[in-house]
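The structure appears below as structure tokens.
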Amino acid sequence: MGAGIDSYNGYGQRGGFHVIEHQMAAAVELFPIFARAHLLRTWGGIVDVTLDASPIVSPTPVDNLFVNCGWGTGGFKGTPGAGWTFAHTIATGAAHALNAPFALDRFVSGALIDEHGAAGVAH
Amino acid sequence: MILIECPNCGPRDETEYAYGGEAHVPYPADPAALSDEEWGRYLFYRQNPKGLFAERWVHSAGCRKWFNVIRDTASYRIETVYRLTDPRPDLTRPDHGVNS
């Protein structure tokens with residue numbers, strides 16, 4: 001089960017208790033038996049979140065420097081596609097049609113992907 | 001859970017507040033004169049220090065007033081809280097966080 005992110009910048013790698021409580025309340029409401037579950041593992045880390053809540057898979061102004069980041073709002077499901085298009089980007093030096101909209105320069109052009117309020121993921 | 005001291009209402013739980021990101025990002029004096037790069041930098045580019053950071057919070061569930069906080073982004077310790085009309089406090093640690 002994955003909880004939400006803190007609203008503020010942080011390197012503490014610990015979740016806010018109210019965020020954890022919110023997550024557990026939802027889980028127990030859906031599956032009351034989860035209230036009796038034993039905790040095996042927890043993880044609190046740093047997630048990289050962009051200002052349009054979408055990843056950056058892109059060349060950069062620096063030659064041979066490419067970025068694949070900003071997946072903090074739920075990236076692992078996109079990894080196969082991201083890896084494939086990122087490999088294309090590195091091999092050819094230019095973005096594939098599928099990751100072209102996820103370029104770094106969208107923060108200059110204004111062609112953002114999903115604004116926070118419109119994104120189909122939990123924030 | 002961070003305990004934040006609202007300048008108007010006193011110490012309250014973090015859940016009463018909403019976060020406003022980096023403080024002291026001035027609106028451009030002449031926005032129409034900016035290039036797309038400069039406008040994008042104003043809109044989207046922010047400091048993200050590990051350490052002291054000047055940031056805005058609003059007491060949504062209280063007085064609904066905005067104010068500034070200097071907080072350590074690693075320990076979450078709040079160094080000071082001040083009103084928007086106050087100058088940024090000098091914490092004599094100029095190497096951390098807050099940009100010019």
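Residues of segment B:42-64 being open to solvent by 70 Å² or more (accessible area, probe 1.4 Å) and either touching a His at 6+ places or on another chain (Cβ under 8 Å) or small (Gly, Ala, Ser) (or both), which ones?
Of everything in segment B:42-64, just one residue is open to solvent by 70 Å² or more (accessible area, probe 1.4 Å) and either touching a His at 6+ places or on another chain (Cβ under 8 Å) or small (Gly, Ala, Ser) (or both), namely B:Ala61.
Would you mind finding the one in A:Leu65, A:Leu104, A:Leu51, A:Leu112 that is under 21 Å from B:Arg41 (Cα atoms) and at pLDDT 95 or above?
Selected residue: A:Leu65, the only one of A:Leu65, A:Leu104, A:Leu51, A:Leu112 that is under 21 Å from B:Arg41 (Cα atoms) and at pLDDT 95 or above.
Only residues that are within 14 Å of chain B (Cβ to nearest Cβ), of a type outside the set (A, V, I, L, M) and surrounded by 15 or more Cβ atoms within 10 Å (Cβ to Cβ): list them for segment A:23-57, please.
A:Thr50, A:Asp52, A:Ser54
Can you pull out the residues in segment A:87-103 that are within 15 Å of A:Ser54 (Cβ to Cβ) and of a type outside the set (A, V, I, L, M)?
Result: A:Asn99, A:Pro101, A:Phe102.
Mind counting the residues in segment A:1-26 that are under 17 Å from B:Gly51 (Cα atoms) and of a type in the set (A, V, I, L, M)?
0
Can you pull out the strands (runs of 3 or more DSSP E) entirely within segment B:1-99 that have at least 2 residues that are in contact with a Pro (Cβ under 9 Å, 6 or more places away or on another chain) and more than 23 Å from A:Ile20 (Cα to Cα)?
Where strands (runs of 3 or more DSSP E) fall fully within segment B:1-99 and carry at least 2 residues being in contact with a Pro (Cβ under 9 Å, 6 or more places away or on another chain) and more than 23 Å from A:Ile20 (Cα to Cα), they are B:66-72, B:78-83.
Residue under question is A:Asp6, and the condition is that it be open to solvent by 40 Å² or more (accessible area, probe 1.4 Å), closer than 28 Å to A:Leu104 by Cβ, within 10 Å of chain B (Cβ to nearest Cβ) and in contact with a strand residue (DSSP E or B) (Cβ under 9 Å, 6 or more places away or on another chain); does it hold?
When the stated conditions are applied, A:Asp6 does not pass them.
The values are calculated or read from the model by the stated rules, or taken from the named source; none is laboratory data. This structure is a prediction, so every number in the text was calculated from the model and none was measured. When we count neighbours, we look across all protein chains shown, and the Cβ atoms used for this are built from the backbone with ideal geometry, even at glycine. Note: areas computed on protein heavy atoms with side chains; ligands, DNA, RNA excluded. Shrake-Rupley method; radii C 1.70, N 1.55, O 1.52, S 1.80 Å.
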